[in-house]
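Engineer: To start, I am sharing the structure in question, which I have written as structure tokens.
The values are calculated or read from the model by the stated rules, or taken from the named source; none is laboratory data. Since we're looking at a predicted model, the values are computed, not measured. Backbone-built Cβ (ideal geometry, glycine too); neighbour counts: all protein chains shown. For the accessible areas, the whole protein counts, side chains as well, though only heavy atoms, and no ligand, DNA or RNA atoms are used. Shrake-Rupley method; radii C 1.70, N 1.55, O 1.52, S 1.80 Å.
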Amino acid sequence: MRHGRRCLLALAVWGAALALGGGTAQAAFPGTNGRLAFGVTKWRSPPPETCTPVPHGCPEPLVVSSGIETVQPSGRGRRVLYPWTGTGIATDPAPAWSPNGRLLAIQIGLDGMGILRRDGTALRRLRKLTEADSEPAWSPNARRLAFAGDQPCPYCRWLYTVRRDGTGLRRVIAQGAYSPAWSVTGRIAFVNWDDQYVRPVGIKDGLYTIRPDGSGLRRLYAGGQLGPGITPDWSPDGRRIAFAAATRQAPDNRELFTIKANGRGRRQLTEFKSRDTASSPAWSPDGKYIAFLRKDGLYVVSPTGHGLRRIVAARLQDPDHPERAWTELGAPTWQPLRD
């Protein structure tokens, strides 16, 4: 019974991540551009002989392998940083580089969070703090982590901070919170998307910022029926936030935007010609590029929307050849290098 509950909760967390663009991106910290870290999950459909007539159908796709990889900004030098082992339930590790680029905070499925060295060694697990601790983001001084934590009640995914050793838990706000990102100026950005069709739940849906002590709540972007902006990421100077959102012109797409920290000066960086989805932007430490996910891989673009290019390809699922494996990439994070 306990294992079944863990599976259901894991699927709920995974589903929420997919609805909000698949994982989070964290604030960029200033420095020289280092390597990009991101999650990689390889899937395969079950053999056709395992399928049965309706209503049972075919089993769910199987996780072949997963882990954390890194790559140079040019797309070269791709390598596995940490091969994932665990319960076999797919989850984006949501890696986040520390401000000095020496450590990587990650989420470990339903088992909480952990911290790795930059070479992928010496994983230190933090004690579990809520039903599901996820989406860690470093404070500018590297002493604390912000994260989204689930409580055993409806719509209770709240925003917390904790010391990097897992002590000193503080609740920032008891409202729905996804994708926290901590700015060099001290404010934390997050997304609230809990409102139901028949009634609102807590604060209005939107992209927000707040101080770590829970004061100064400010909504920067609402989005209306198209949904709020998702997966925010601060620029290294803390002046702008990159995020993804749908538009009235293309409601089936999700485009990349930036906005000032005061909610003004919104800019659209992409305009996809066909149905496509941008998510999980990660600003470069020098502020000159933004990495983000599309369904076919990891891309980079300038903050003006120029120079779009793919640096990592993701193999898409082929409906004509279900026996072939496919890959999904998780949210990227950009390593700052300091002298």
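Engineer: Any idea which of 227, 37, 166 is furthest toward the positive side of the dipole for the chain, if Lys and Arg beta-carbons carry +1 and Asp and Glu beta-carbons -1?
Structural biologist: After comparing all options, I get 166.
Engineer: Provide the gained length on full extension for the span residue 323 to residue 156, in nm with one decimal, where the gain is 0.36 nm per separating residue minus the Cα-Cα distance.
Structural biologist: Length gained, residue 323 through residue 156: 56.2 nm.
Engineer: Suppose the chain between residue 252 and residue 129 were pulled fully straight at 0.36 nm per residue; how much longer would it get relative to their current alpha carbon spacing?
Structural biologist: 40.6 nm
Engineer: Among residues other than residue 253 whose Cβ falls under 13 Å from its Cβ, what is the net charge (Lys/Arg +1, Asp/Glu -1)?
Structural biologist: Overall, the nearby charge balance is +2.
Engineer: If you don't mind, there's one more thing I want to ask. Hey, what number do you get for the chain at 222 nm if only DSSP H runs of n ≥ 4 count, each worth -39500 (n - 2.57), divided across all residues, to the nearest 500?
Structural biologist: -2000 deg cm²/dmol
Engineer: Then there's this: Ignoring any ligand, DNA or RNA, what whole percent of the accessible area of the chain comes from carbon and sulfur when the probe is 1.4 angstrom?
Structural biologist: Carbon with sulfur: 50 percent of the solvent-accessible area.
Engineer: How far is it, in nm, from the label point at residue 143 to the one at residue 62 when both lie 7 Å from their Cα along the line to the Cβ?
Structural biologist: It works out to 5.0 nm between the two label points.
Engineer: Something else about it: Send over a whole-number figure in Å² for the accessible area per residue of the chain, probe 1.4 Å.
Structural biologist: 48
Engineer: Then there is this: How far apart, in nanometres, would the label points at residue 170 and residue 276 be if each is projected 7 angstrom from Cα along the Cα-to-Cβ direction?
Structural biologist: 4.2
Engineer: Full extension from residue 315 to residue 218: what is 0.36 nm times the residue separation minus their Cα-Cα distance, to one decimal in nm?
Structural biologist: 31.0 nm
Engineer: Just reorder 272, 147 by solvent-accessible area, largest first, 1.4 Å probe, all chains present.
Structural biologist: Per-residue accessible area, sorted high to low, gives 272, 147.
Engineer: Further, regarding this structure: Among all the aspartates and glutamates, which ones have a C-alpha under 15 Å from residue 288's C-alpha, if same-chain residues fewer than 8 places away are not counted?
Structural biologist: Cα-Cα hits under 15 Å: 233, 237.
Engineer: Further question on the same structure: I need the trypsin sites (Lys or Arg not before Pro) found in the range 208-251, filtered to DSSP loop residues with at most 12 other beta carbons within 10 Å of theirs.
Structural biologist: 248
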